[in-house]
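A quick write-up on the structure given underneath.
The values are calculated or read from the model by the stated rules, or taken from the named source; none is laboratory data. None of the values given here were measured: they were computed from a predicted structure. All Cβ positions, even for glycine, are placed from backbone atoms using ideal geometry, and neighbour counts span all protein chains on display.
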There are 2 protein chains.
Amino acid sequence: MMGEAFNLAEHMARRTALVDEVLDKLLPREDEPPETLHKAMRYVVFSGGKRLRPTLVLDACDAVGGDVMKALPAACAIELIHTYSLVHDDLPCIDNDDVRRGMPTCHKVFGEAIALLCGDALLTLAFEVLSKEQTKVGVAPDVVVETISVVAEAAGHLGMVGGQVMDVEAQGMLMHDIHLSEEQISKIHRHKTGALITAAVDVGALIGGASEEQRKALRAYAHELGFAFQITDDLLDAECGHVKNREPNMAMVLGIERSKQLAAEAIERAIGHLNCFNERALPLRAIAEFVLHRER
Amino acid sequence: MMGEAFNLAEHMARRTALVDEVLDKLLPREDEPPETLHKAMRYVVFSGGKRLRPTLVLDACDAVGGDVMKALPAACAIELIHTYSLVHDDLPCIDNDDVRRGMPTCHKVFGEAIALLCGDALLTLAFEVLSKEQTKVGVAPDVVVETISVVAEAAGHLGMVGGQVMDVEAQGMLMHDIHLSEEQISKIHRHKTGALITAAVDVGALIGGASEEQRKALRAYAHELGFAFQITDDLLDAECGHVKNREPNMAMVLGIERSKQLAAEAIERAIGHLNCFNERALPLRAIAEFVLHRER
């Protein structure tokens, strides 16, 4: 297989180290007021995330021959947005989760008010980083503007936040024993998870100077990747018995076997969209295979 | 007085009509999914706000001889951010307010989850508008980037959200009968309210093509205006007996008379900063006088 000569684990560890170093510089210091807010922001950002989205930004930039250093601010901004979404999702009024990645969630440690405001601050910081830091590393103003527009659209009412609303409403339906179709669950996932993954790849391509054709191919790749990612996420939840009965889960609706088949087909299509790229797209191929076979 | 020949009420009504017309186009339609989210967004944006911040954006642009039409997207974006902050502040985990401007608050109508996500969606939409719509009306890309950076900084962890955190912490102190100094309350207000008012004026000046000197004068104007605004807000609360005992209130600490004096002095300084502008700064002068004498 194409990924064999390439050590993805090492690659992702290097990407994570790089992203974490920049995030550390971008986040406010804990001893700077308001200290509680800044502690909360650092607590949730440095809580063991896999940095999949920022890695995708950097690898998409690399795949089209771009300068990865120029894509670092956008990579960090997208991770800030992903993190804020987790903080708000965990709040009592939405998923009411006490634990994430083995650690107490933000509102369990800092209280609900600070967790809410921590999410707000991370989302806002993402756009501060996109506007200020990209300019500092020499991304052209018109490209900066387009990255902001791509990210805001993906994160907003027709993207991630919209998907979260659909999820809340689906939970209400499941609570009343109303059946959800494959199509309905897939739509939730496409918005809630897929939109930001697609934006990550698209923004990386954009900063890397991709042609319109390259951007289109990479967006198609990301679309399939995001779809497969959510099925495998649901599969892992289902196999560990982690599915709450109010949670829309693709694997529960489709069954384990058909879920695995759909994920494998999506990843095959994802990799197919990379055919027109050279060996610099190797990490994107390896990530696609990783998403299919990961064990969380 | 300078404001006499100028009808501020008519001026503000015209500005509000203009801003509302554009907001109506920028906000998603209620019959477009996710419908509940879109209904909530429209409910809170069209709930009788005075549109002070967008008016300041437009009037600052006008004061430096700029094209007001080019400042409309930024004016709307800042109102979206102001609105999101009210929605999140009203939530049970912060101020737990059931009524705002005589109407049930967002979470009372749509539930907490949708109110939280509605705030997130409005904040994100603000940056989508700043990046996409400014480009459409012909604001240069480097100016677009700078407006986004000014707005994000003012709305974020060292600005509005930071002030909200200070407010939450101050409420905790007041609950334990710990006295707050004039300095501490003023710091909360400067962040929570002042930062976005200053950003409104600054962004208008920026889009209008202000010189560095003009921007500096207008920022100084806005700084004093924001300070006076919050004192008079606290005065109105105190005079109506609206102050909850856990709310930091300047008028309660300073007393009514000294509060009035401080507000009047700030407005005098604010108007002083407009001396270097011609008659196009008339609305900004009138707004300053209005803030001092308003009855809510």
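Among the residues of the stretch B:212-233, those identified as in contact (Cβ under 8 Å) with a residue 40 or more places away in the chain and of a type in the set (D, E, K, R) are B:GLU213, B:GLU224, B:ASP233.
Report yes if some residue within the stretch A:216-238 is modelled with pLDDT of 95 or more, of a type outside the set (A, V, I, L, M, F, W, C) and touching a Phe, Trp or Tyr at 6+ places or on another chain (Cβ under 7 Å); otherwise report no. No, that holds for no residue.
For the stretch B:132-150, how many residues are polar (S, T, N, Q) and in contact (Cβ under 8 Å) with a residue 24 or more places away in the chain? Result for the stretch B:132-150: 2. For the stretch B:1-52, the tally of residues that are more than 14 Å from B:LEU80 (Cβ to Cβ) and in a loop (DSSP other than H, G, I, E, B) stands at 15.
Hey, does the stretch A:29-38 have a residue that's in contact with a Pro (Cβ under 7 Å, 6 or more places away or on another chain) and within 14 Å of chain B (Cβ to nearest Cβ)?
Scanning the stretch A:29-38, I find at least one residue that is in contact with a Pro (Cβ under 7 Å, 6 or more places away or on another chain) and within 14 Å of chain B (Cβ to nearest Cβ), so the answer is yes.
Among the listed residues A:GLU279, A:GLU289, A:GLU247, A:GLU268, identify the single one that is in contact (Cβ under 8 Å) with a residue 24 or more places away in the chain, under 22 Å from A:HIS11 (Cα atoms), out of contact with any Phe, Trp or Tyr (no Cβ under 8 Å at 6 or more places or on another chain) and surrounded by fewer than 20 Cβ atoms within 10 Å (Cβ to Cβ). Walk me through it before giving the result.
Working: A:GLU279 fails: in contact (Cβ under 8 Å) with a residue 24 or more places away in the chain; A:GLU247 fails: under 22 Å from A:HIS11 (Cα atoms); A:GLU268 fails: in contact (Cβ under 8 Å) with a residue 24 or more places away in the chain.
Criteria check complete, one pass: A:GLU289.
Applying a threshold of 7 Å to beta carbon distances and a minimum spacing of six or more residues, or different chains, the list of pairs starting in the stretch B:154-182 at a residue that is more than 7 Å from every other protein chain (Cβ to nearest Cβ) and under 17 Å from A:THR124 (Cα atoms) and ending at one that is crowded, with 21+ Cβ neighbours inside 10 Å and β-branched (Val, Ile, Thr) reads B:ALA154/B:THR198; B:GLY163/B:ILE188. The set of residues from the stretch A:254-296 being closer than 27 Å to A:VAL68 by Cβ and of a type in the set (S, T, N, Q) comprises A:ASN275, A:ASN278. If the condition is being assigned to a helix (DSSP H, G or I) and among the β-branched types (Val, Ile, Thr), then the stretch B:59-90 contributes B:VAL68, B:ILE78, B:ILE81, B:THR83, B:VAL87.
Do the conditions hold for A:LEU56, that is, is it modelled with pLDDT of 95 or more, more than 30 Å from A:VAL243 (Cα to Cα) and assigned to a helix (DSSP H, G or I)? Full working, then the answer.
Working: modelled with pLDDT of 95 or more: yes; more than 30 Å from A:VAL243 (Cα to Cα): no; assigned to a helix (DSSP H, G or I): yes.
So A:LEU56 does not fit the description; no.
Pairing each residue of the stretch A:1-24 that is small (Gly, Ala, Ser) with any residue that is at pLDDT 95 or above and surrounded by 14 or more Cβ atoms within 10 Å (Cβ to Cβ), provided the two are 6+ apart or on different chains, yields C-beta distances under 7 Å for A:GLY3/A:ARG285; A:GLY3/A:ALA286; A:GLY3/A:GLU289.
Results for (1) over 19 Å from B:SER85 (Cβ atoms); (2) hydrophobic (A, V, I, L, M, F, W, C); (3) touching a Gly at 6+ places or on another chain (Cβ under 9 Å), shown as yes or no for each residue.
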position	(1), (2), (3)
B:ILE188	no, yes, yes
B:ARG215	yes, no, no
B:LEU218	yes, yes, yes
B:ASP233	no, no, no
B:GLY241	yes, no, no
B:ALA251	yes, yes, no
B:ALA264	yes, yes, no
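With the structure loaded, tell me whether B:GLU128 is of a type in the set (D, E, K, R), surrounded by 24 or more Cβ atoms within 10 Å (Cβ to Cβ) and touching a helix residue (DSSP H, G or I) at 6+ places or on another chain (Cβ under 6 Å) or whether it fails that test. Criteria met by B:GLU128. Considering only the stretch B:29-42, I want to know if a residue exists there that is touching a helix residue (DSSP H, G or I) at 6+ places or on another chain (Cβ under 7 Å), β-branched (Val, Ile, Thr) and modelled with pLDDT of 95 or more. Among the residues of the stretch B:29-42, at least one is touching a helix residue (DSSP H, G or I) at 6+ places or on another chain (Cβ under 7 Å), β-branched (Val, Ile, Thr) and modelled with pLDDT of 95 or more, which makes the answer yes. If you go through the stretch A:91-131 and keep only what is at the interface with chain B (Cβ under 7 Å from one of its Cβ atoms), part of a helix (DSSP H, G or I) and without any contact (Cβ under 8 Å) to a residue 24 or more places away in the chain, you end up with A:GLU112, A:ALA113, A:THR124, A:GLU128, A:SER131.
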